1. Taking the 0 to 90 degree range and rounding to the nearest ten, how far is the long axis of helix 256-266 tilted relative to the main principal axis of the chain, both from C-alpha atoms?
2. In what sequence, largest accessible area first, do Ile5, Ile179 appear using a 1.4 Å probe?
3. Which one, Ala254, Ala218, Ala111, has the greatest fluctuation when you compute a Gaussian network model over the chain with C-alpha springs under 10 angstrom?
4. Can you give me the Cα centroid spacing of region 172-193 and region 1-43 in angstrom?
5. Mind telling me which of Met142, Met121, Met176 comes out most flexible in a GNM of the chain, alpha-carbon contacts under 10 Å?
6. For region 123-193, how big is Rg over Rh, using alpha carbon atoms and the Kirkwood form of Rh?
7. In nm, to one decimal, how far is the modelled label at Ala331 from the one at Glu216, with both set 7 Å along Cα→Cβ?
8. Would you calculate the volume per residue, in Å³, of the smallest convex hull containing every Cα atom of the chain?
Amino acid sequence: MNAVITAIGGFVPSSILTNKKISETVDTSEEWIEKRTGIKERRIADCNTATSDLASAAIENLFENYNVDRLEVEALLVATATPDHILAPTASIVCEKSGLANAFGFDMNAACSGFLYALEMGANMIESGRYSKIIVVGADKMSSIVDYEDRNTCILFGDGAGAVLLEKTESDNGLMKTILKTDGSGTSSLLVPSGGSRNPTSMQSLLHRTNYLKQEGAFVFKKAVASMSQVSQDALAKNELHAAQIDWVIPHQANLRIINAVSESLNIDSEKVKVNIDRYGNTTSATVPLCLWDFKEDFKLGQNLLITTFGAGFSWGATCLKWGVMREKKAVETIKTDTVNENVLVAH
Ligand code: UT7
(Lines give C-alpha, C1' and ligand atoms only; values in the text may rest on other atoms or scores of the structure.)
Protein backbone atom coordinates (compact mmCIF):
# COMPACT_ATOMS: atom_id res chain seq x y z
CA MET A 1 0.00 0.00 0.00
CA ASN A 2 1.28 3.48 -0.93
CA ALA A 3 0.43 7.00 0.23
CA VAL A 4 -0.48 9.35 -2.60
CA ILE A 5 -1.32 13.05 -2.83
CA THR A 6 -4.94 13.39 -4.01
CA ALA A 7 -5.74 17.07 -3.38
CA ILE A 8 -3.78 20.29 -2.90
CA GLY A 9 -4.55 23.74 -1.50
CA GLY A 10 -2.54 26.89 -1.06
CA PHE A 11 -2.75 30.39 0.31
CA VAL A 12 -0.61 33.50 0.23
CA PRO A 13 -1.59 36.83 1.77
CA SER A 14 -2.61 39.59 -0.63
CA SER A 15 -0.05 42.19 0.48
CA ILE A 16 3.13 42.31 -1.58
CA LEU A 17 6.46 43.48 -0.20
CA THR A 18 8.60 44.44 -3.18
CA ASN A 19 12.39 44.71 -3.42
CA LYS A 20 11.88 48.40 -4.10
CA LYS A 21 10.08 48.84 -0.78
CA ILE A 22 12.80 46.95 1.12
CA SER A 23 15.50 49.07 -0.55
CA GLU A 24 13.82 52.14 0.91
CA THR A 25 14.25 50.85 4.47
CA VAL A 26 17.64 49.03 4.56
CA ASP A 27 20.97 49.48 2.73
CA THR A 28 20.34 47.28 -0.33
CA SER A 29 19.08 47.62 -3.87
CA GLU A 30 16.36 46.00 -5.99
CA GLU A 31 19.06 44.73 -8.36
CA TRP A 32 21.21 43.18 -5.59
CA ILE A 33 18.30 41.25 -4.12
CA GLU A 34 17.08 39.89 -7.46
CA LYS A 35 20.58 39.04 -8.72
CA ARG A 36 21.79 37.35 -5.50
CA THR A 37 18.54 35.57 -4.54
CA GLY A 38 16.11 35.46 -7.51
CA ILE A 39 13.44 37.08 -5.32
CA LYS A 40 11.37 39.93 -6.77
CA GLU A 41 8.67 40.13 -4.13
CA ARG A 42 7.19 38.24 -1.20
CA ARG A 43 3.76 38.12 0.49
CA ILE A 44 3.30 39.49 4.01
CA ALA A 45 0.40 38.69 6.33
CA ASP A 46 -1.25 41.49 8.28
CA CYS A 47 -0.94 41.79 12.04
CA ASN A 48 -4.30 40.06 12.62
CA THR A 49 -3.20 36.94 10.73
CA ALA A 50 -1.31 34.12 12.44
CA THR A 51 0.18 30.92 11.06
CA SER A 52 -3.02 28.98 11.87
CA ASP A 53 -4.97 31.42 9.67
CA LEU A 54 -2.57 30.82 6.77
CA ALA A 55 -2.78 27.05 7.28
CA SER A 56 -6.56 26.96 7.53
CA ALA A 57 -6.89 29.21 4.45
CA ALA A 58 -4.76 26.70 2.49
CA ILE A 59 -6.92 23.82 3.77
CA GLU A 60 -10.08 25.75 2.87
CA ASN A 61 -8.69 26.25 -0.64
CA LEU A 62 -8.20 22.47 -0.85
CA PHE A 63 -11.79 21.75 0.25
CA GLU A 64 -13.17 24.42 -2.10
CA ASN A 65 -11.51 22.87 -5.11
CA TYR A 66 -11.72 19.12 -4.54
CA ASN A 67 -14.55 16.83 -3.49
CA VAL A 68 -13.35 15.75 -0.03
CA ASP A 69 -15.42 15.30 3.12
CA ARG A 70 -13.54 17.14 5.88
CA LEU A 71 -15.11 14.88 8.49
CA GLU A 72 -13.25 11.90 7.00
CA VAL A 73 -9.84 13.45 7.70
CA GLU A 74 -8.24 11.46 10.52
CA ALA A 75 -5.05 13.41 11.23
CA LEU A 76 -3.53 16.85 10.62
CA LEU A 77 0.24 17.38 10.59
CA VAL A 78 1.24 21.06 10.67
CA ALA A 79 4.84 21.79 9.77
CA THR A 80 5.75 25.23 11.04
CA ALA A 81 8.63 27.15 12.58
CA THR A 82 6.36 30.04 13.53
CA PRO A 83 3.57 28.57 15.66
CA ASP A 84 0.78 30.89 16.80
CA HIS A 85 1.96 30.29 20.38
CA ILE A 86 4.80 28.34 22.00
CA LEU A 87 1.94 26.46 23.68
CA ALA A 88 -0.87 25.46 22.56
CA PRO A 89 -0.20 23.57 19.32
CA THR A 90 -1.03 25.39 16.09
CA ALA A 91 -2.52 22.13 14.75
CA SER A 92 -5.20 22.23 17.48
CA ILE A 93 -6.21 25.72 16.39
CA VAL A 94 -6.23 24.67 12.72
CA CYS A 95 -8.34 21.54 13.45
CA GLU A 96 -10.91 23.80 15.07
CA LYS A 97 -10.80 26.53 12.37
CA SER A 98 -10.97 24.03 9.50
CA GLY A 99 -13.75 21.92 11.02
CA LEU A 100 -11.60 18.77 11.16
CA ALA A 101 -13.82 17.45 13.92
CA ASN A 102 -12.66 13.83 13.61
CA ALA A 103 -8.94 14.49 13.26
CA PHE A 104 -6.18 14.67 15.83
CA GLY A 105 -3.43 17.15 15.04
CA PHE A 106 0.13 17.96 15.99
CA ASP A 107 2.91 20.38 15.04
CA MET A 108 6.29 19.51 13.60
CA ASN A 109 9.21 21.92 13.51
CA ALA A 110 12.02 20.97 11.17
CA ALA A 111 12.35 24.53 9.82
CA CYS A 112 12.58 24.61 6.02
CA SER A 113 12.49 20.79 5.89
CA GLY A 114 9.35 20.64 8.05
CA PHE A 115 6.93 19.84 5.25
CA LEU A 116 9.12 17.04 3.89
CA TYR A 117 9.53 15.55 7.37
CA ALA A 118 5.75 15.76 7.96
CA LEU A 119 5.01 14.30 4.52
CA GLU A 120 7.21 11.31 5.34
CA MET A 121 5.49 10.84 8.73
CA GLY A 122 2.03 11.14 7.12
CA ALA A 123 2.95 8.70 4.37
CA ASN A 124 4.17 6.17 6.92
CA MET A 125 0.93 6.52 8.89
CA ILE A 126 -1.04 5.76 5.71
CA GLU A 127 1.26 2.88 4.69
CA SER A 128 0.86 1.34 8.15
CA GLY A 129 -2.77 0.73 7.22
CA ARG A 130 -4.06 2.50 10.32
CA TYR A 131 -5.07 5.76 8.61
CA SER A 132 -6.66 6.51 5.26
CA LYS A 133 -6.88 10.30 5.03
CA ILE A 134 -4.30 12.72 6.42
CA ILE A 135 -3.76 16.41 5.72
CA VAL A 136 -0.16 17.65 5.78
CA VAL A 137 0.31 21.42 5.89
CA GLY A 138 3.41 23.59 5.66
CA ALA A 139 2.70 27.08 6.99
CA ASP A 140 4.84 29.95 8.18
CA LYS A 141 4.39 33.59 9.04
CA MET A 142 8.08 34.41 8.67
CA SER A 143 7.37 38.14 8.94
CA SER A 144 6.70 37.51 12.66
CA ILE A 145 10.37 36.56 13.29
CA VAL A 146 12.22 38.56 10.60
CA ASP A 147 14.15 41.67 11.60
CA TYR A 148 13.24 44.30 9.03
CA GLU A 149 16.33 46.28 10.06
CA ASP A 150 18.66 43.39 9.08
CA ARG A 151 19.45 43.39 5.36
CA ASN A 152 21.03 39.92 5.62
CA THR A 153 17.67 38.29 6.32
CA CYS A 154 14.76 40.67 5.64
CA ILE A 155 15.20 40.36 1.88
CA LEU A 156 14.67 36.61 1.94
CA PHE A 157 11.47 35.59 3.66
CA GLY A 158 7.72 35.69 3.05
CA ASP A 159 4.49 34.29 4.47
CA GLY A 160 2.30 31.50 3.07
CA ALA A 161 0.89 28.00 3.43
CA GLY A 162 0.27 24.90 1.36
CA ALA A 163 -1.70 21.76 2.18
CA VAL A 164 -1.94 18.27 0.68
CA LEU A 165 -4.35 15.41 1.30
CA LEU A 166 -2.64 12.02 1.58
CA GLU A 167 -4.65 8.88 0.87
CA LYS A 168 -3.91 5.21 0.38
CA THR A 169 -3.59 3.59 -3.02
CA GLU A 170 -2.99 0.03 -4.16
CA SER A 171 -1.23 1.36 -7.28
CA ASP A 172 2.51 2.01 -7.47
CA ASN A 173 1.86 5.79 -7.56
CA GLY A 174 2.66 7.97 -4.57
CA LEU A 175 5.49 8.53 -2.15
CA MET A 176 8.63 6.46 -2.63
CA LYS A 177 11.54 6.03 -0.24
CA THR A 178 12.66 9.16 1.57
CA ILE A 179 15.96 10.20 3.14
CA LEU A 180 15.82 12.66 6.05
CA LYS A 181 18.93 14.10 7.70
CA THR A 182 19.61 16.11 10.85
CA ASP A 183 22.84 17.74 12.06
CA GLY A 184 22.48 19.80 15.22
CA SER A 185 26.00 21.25 14.86
CA GLY A 186 24.46 23.76 12.45
CA THR A 187 22.13 25.26 15.06
CA SER A 188 24.06 28.46 15.69
CA SER A 189 24.29 29.31 11.96
CA LEU A 190 20.56 29.78 11.52
CA LEU A 191 18.30 30.38 14.49
CA VAL A 192 16.14 32.71 16.54
CA PRO A 193 18.40 33.04 19.60
CA SER A 194 15.76 34.18 22.12
CA GLY A 195 12.15 33.49 22.97
CA GLY A 196 12.59 29.77 23.73
CA SER A 197 13.64 27.95 26.91
CA ARG A 198 17.39 28.62 26.32
CA ASN A 199 16.95 32.41 26.37
CA PRO A 200 13.40 33.38 27.30
CA THR A 201 12.25 36.77 26.04
CA SER A 202 13.66 39.53 28.22
CA MET A 203 14.41 43.23 28.10
CA GLN A 204 17.92 42.25 26.96
CA SER A 205 16.66 40.10 24.09
CA LEU A 206 14.36 42.86 22.90
CA LEU A 207 17.20 45.41 23.20
CA HIS A 208 19.63 43.24 21.21
CA ARG A 209 16.93 42.08 18.77
CA THR A 210 17.82 38.43 19.46
CA ASN A 211 14.14 37.46 19.26
CA TYR A 212 14.56 37.75 15.48
CA LEU A 213 16.04 35.30 12.97
CA LYS A 214 19.85 35.36 12.55
CA GLN A 215 21.73 33.64 9.75
CA GLU A 216 25.32 33.16 8.58
CA GLY A 217 24.16 33.39 4.99
CA ALA A 218 27.27 32.37 3.03
CA PHE A 219 27.98 29.35 5.28
CA VAL A 220 24.36 28.14 5.11
CA PHE A 221 24.39 28.67 1.34
CA LYS A 222 27.36 26.31 0.84
CA LYS A 223 25.90 23.69 3.20
CA ALA A 224 22.54 23.87 1.43
CA VAL A 225 24.03 23.28 -2.03
CA ALA A 226 26.23 20.38 -0.90
CA SER A 227 23.57 18.72 1.26
CA MET A 228 20.64 19.00 -1.17
CA SER A 229 22.80 17.76 -4.05
CA GLN A 230 24.07 14.73 -2.12
CA VAL A 231 20.77 13.75 -0.52
CA SER A 232 18.99 14.05 -3.87
CA GLN A 233 21.51 11.71 -5.46
CA ASP A 234 21.12 9.31 -2.53
CA ALA A 235 17.31 9.39 -2.77
CA LEU A 236 17.46 8.69 -6.51
CA ALA A 237 19.77 5.72 -5.87
CA LYS A 238 17.56 4.43 -3.04
CA ASN A 239 14.56 4.48 -5.38
CA GLU A 240 16.58 2.99 -8.26
CA LEU A 241 15.94 6.05 -10.41
CA HIS A 242 18.29 8.02 -12.66
CA ALA A 243 18.16 11.81 -12.87
CA ALA A 244 16.97 11.43 -16.48
CA GLN A 245 13.81 9.69 -15.18
CA ILE A 246 12.81 12.70 -13.08
CA ASP A 247 10.12 14.82 -14.74
CA TRP A 248 9.96 17.60 -12.15
CA VAL A 249 12.16 18.82 -9.29
CA ILE A 250 10.47 20.62 -6.39
CA PRO A 251 13.32 22.20 -4.41
CA HIS A 252 13.02 24.24 -1.23
CA GLN A 253 12.97 27.88 -2.35
CA ALA A 254 15.68 29.67 -0.35
CA ASN A 255 17.82 31.17 -3.10
CA LEU A 256 17.64 30.75 -6.89
CA ARG A 257 21.42 30.31 -6.99
CA ILE A 258 21.10 27.33 -4.59
CA ILE A 259 18.34 25.82 -6.75
CA ASN A 260 20.42 26.26 -9.92
CA ALA A 261 23.56 24.81 -8.33
CA VAL A 262 21.66 21.74 -7.08
CA SER A 263 19.98 21.07 -10.44
CA GLU A 264 23.32 21.51 -12.25
CA SER A 265 25.00 19.04 -9.90
CA LEU A 266 22.20 16.54 -10.64
CA ASN A 267 22.47 17.28 -14.36
CA ILE A 268 18.75 18.06 -14.51
CA ASP A 269 17.58 20.65 -17.03
CA SER A 270 16.39 23.90 -15.41
CA GLU A 271 13.09 23.62 -17.33
CA LYS A 272 12.22 20.64 -15.13
CA VAL A 273 12.86 22.60 -11.93
CA LYS A 274 9.87 24.36 -10.39
CA VAL A 275 10.60 27.87 -9.12
CA ASN A 276 8.27 30.43 -7.53
CA ILE A 277 10.80 32.12 -5.24
CA ASP A 278 10.57 35.20 -7.46
CA ARG A 279 6.97 35.75 -6.26
CA TYR A 280 6.95 34.37 -2.72
CA GLY A 281 10.52 34.42 -1.37
CA ASN A 282 11.42 31.81 1.22
CA THR A 283 8.25 30.75 3.07
CA THR A 284 10.15 28.10 5.12
CA SER A 285 7.78 25.12 5.73
CA ALA A 286 5.48 26.33 2.95
CA THR A 287 7.87 26.47 -0.04
CA VAL A 288 7.40 22.86 -1.19
CA PRO A 289 3.59 22.63 -0.81
CA LEU A 290 3.20 26.10 -2.38
CA CYS A 291 5.24 24.87 -5.34
CA LEU A 292 3.08 21.73 -5.60
CA TRP A 293 -0.01 23.95 -5.48
CA ASP A 294 1.31 26.50 -7.97
CA PHE A 295 2.36 23.95 -10.59
CA LYS A 296 -0.10 21.09 -9.97
CA GLU A 297 -1.61 21.33 -13.45
CA ASP A 298 1.81 20.47 -14.94
CA PHE A 299 2.11 17.14 -13.10
CA LYS A 300 0.74 14.20 -15.10
CA LEU A 301 -0.22 10.71 -13.97
CA GLY A 302 2.85 8.50 -13.57
CA GLN A 303 5.42 11.31 -13.72
CA ASN A 304 8.31 11.22 -11.26
CA LEU A 305 8.89 14.17 -8.92
CA LEU A 306 11.98 14.79 -6.79
CA ILE A 307 11.52 16.94 -3.68
CA THR A 308 14.55 18.22 -1.77
CA THR A 309 14.91 20.63 1.16
CA PHE A 310 17.47 22.19 3.49
CA GLY A 311 16.91 24.30 6.59
CA ALA A 312 17.81 25.31 10.11
CA GLY A 313 19.14 22.65 12.44
CA PHE A 314 20.50 21.70 10.01
CA SER A 315 17.65 19.58 8.65
CA TRP A 316 17.55 18.32 5.09
CA GLY A 317 16.24 15.53 2.93
CA ALA A 318 14.87 14.30 -0.37
CA THR A 319 12.13 12.04 -1.63
CA CYS A 320 10.77 10.84 -4.94
CA LEU A 321 7.12 10.40 -5.75
CA LYS A 322 5.11 9.12 -8.69
CA TRP A 323 2.18 11.45 -9.41
CA GLY A 324 -1.15 9.71 -8.89
CA VAL A 325 -4.83 10.25 -9.60
CA MET A 326 -6.13 13.43 -8.01
CA ARG A 327 -9.60 13.66 -6.46
CA GLU A 328 -12.42 14.96 -8.59
CA LYS A 329 -12.24 18.74 -8.96
CA LYS A 330 -15.09 21.08 -8.22
CA ALA A 331 -16.16 23.40 -11.01
CA VAL A 332 -14.28 26.62 -10.31
CA GLU A 333 -10.89 26.89 -8.69
CA THR A 334 -10.80 29.59 -6.07
CA ILE A 335 -7.53 31.34 -5.55
CA LYS A 336 -7.61 33.11 -2.23
CA THR A 337 -5.79 36.32 -2.94
CA ASP A 338 -7.66 39.55 -2.49
CA THR A 339 -6.63 42.96 -3.73
CA VAL A 340 -2.91 43.51 -4.02
CA ASN A 341 -1.36 46.16 -1.82
CA GLU A 342 2.18 46.91 -2.93
CA ASN A 343 2.75 49.34 -0.09
CA VAL A 344 2.76 46.89 2.78
CA LEU A 345 4.87 48.01 5.68
CA VAL A 346 6.01 45.50 8.24
CA ALA A 347 6.16 46.85 11.72
CA HIS A 348 7.10 45.06 14.91
O1 UT7 B 1 16.00 28.36 4.01
C2 UT7 B 1 16.96 28.09 4.97
C3 UT7 B 1 18.29 28.03 4.39
N4 UT7 B 1 18.73 29.34 4.04
C5 UT7 B 1 19.45 29.51 2.95
O6 UT7 B 1 19.66 28.55 2.24
C7 UT7 B 1 19.99 30.87 2.67
C8 UT7 B 1 21.42 30.76 2.24
N9 UT7 B 1 22.10 32.03 2.04
C10 UT7 B 1 21.84 32.89 1.03
O11 UT7 B 1 20.86 32.77 0.33
C12 UT7 B 1 22.85 33.97 0.75
O13 UT7 B 1 24.00 33.70 1.50
C14 UT7 B 1 22.37 35.42 1.05
C15 UT7 B 1 21.35 35.84 0.02
C16 UT7 B 1 21.79 35.49 2.43
C17 UT7 B 1 23.55 36.38 0.95
O18 UT7 B 1 24.13 36.30 -0.33
P19 UT7 B 1 25.70 36.06 -0.49
O20 UT7 B 1 25.98 36.11 -1.92
O21 UT7 B 1 26.04 34.80 0.24
O22 UT7 B 1 26.31 37.32 0.22
P23 UT7 B 1 27.38 37.36 1.40
O24 UT7 B 1 26.72 37.10 2.70
O25 UT7 B 1 28.58 36.53 1.04
O26 UT7 B 1 27.83 38.87 1.31
C27 UT7 B 1 28.44 39.42 0.12
C28 UT7 B 1 28.40 40.92 0.24
C29 UT7 B 1 28.87 41.43 1.60
O30 UT7 B 1 29.57 42.66 1.39
P31 UT7 B 1 31.17 42.67 1.36
O32 UT7 B 1 31.61 42.13 2.70
O33 UT7 B 1 31.56 41.80 0.21
O34 UT7 B 1 31.47 44.13 1.15
C35 UT7 B 1 27.58 41.71 2.31
O36 UT7 B 1 27.73 42.70 3.30
O37 UT7 B 1 27.06 41.38 0.08
C38 UT7 B 1 26.71 42.19 1.19
N39 UT7 B 1 25.30 42.05 1.44
C40 UT7 B 1 24.38 42.82 0.87
N41 UT7 B 1 24.47 43.85 0.01
C42 UT7 B 1 23.33 44.42 -0.40
C43 UT7 B 1 24.69 41.12 2.24
N44 UT7 B 1 23.35 41.29 2.18
C45 UT7 B 1 23.14 42.34 1.35
C46 UT7 B 1 21.98 43.01 0.89
N47 UT7 B 1 22.13 44.04 0.02
N48 UT7 B 1 20.75 42.64 1.28
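1. Computed tilt is about 40 degrees.
2. Numbers: Ile5 5, Ile179 30 Å².
Accessible-area ranking of Ile5, Ile179, largest first: Ile179, Ile5.
3. Of Ala254, Ala218, Ala111, the most mobile in the Gaussian network model is Ala218.
4. 22 Å
5. Met121
6. Details: Rg = 17.8 Å, Rh = 15.8 Å.
The Rg/Rh ratio comes out at 1.12.
7. Output for this residue pair reads 5.8 nm.
8. Details: hull volume 44.3 nm³, N = 348.
Dividing the Cα hull volume of the chain by its residues yields 127 Å³.
The values are calculated or read from the model by the stated rules, or taken from the named source; none is laboratory data. From a predicted model like this one, the values you see are computed outputs, not experimental measurements. Every residue, glycine among them, receives a Cβ derived from its backbone with ideal geometry; neighbour counts consider all protein chains shown. Surface accessibility is based on the protein's heavy atoms, side chains included, excluding ligands, DNA and RNA. Shrake-Rupley method; radii C 1.70, N 1.55, O 1.52, S 1.80 Å.
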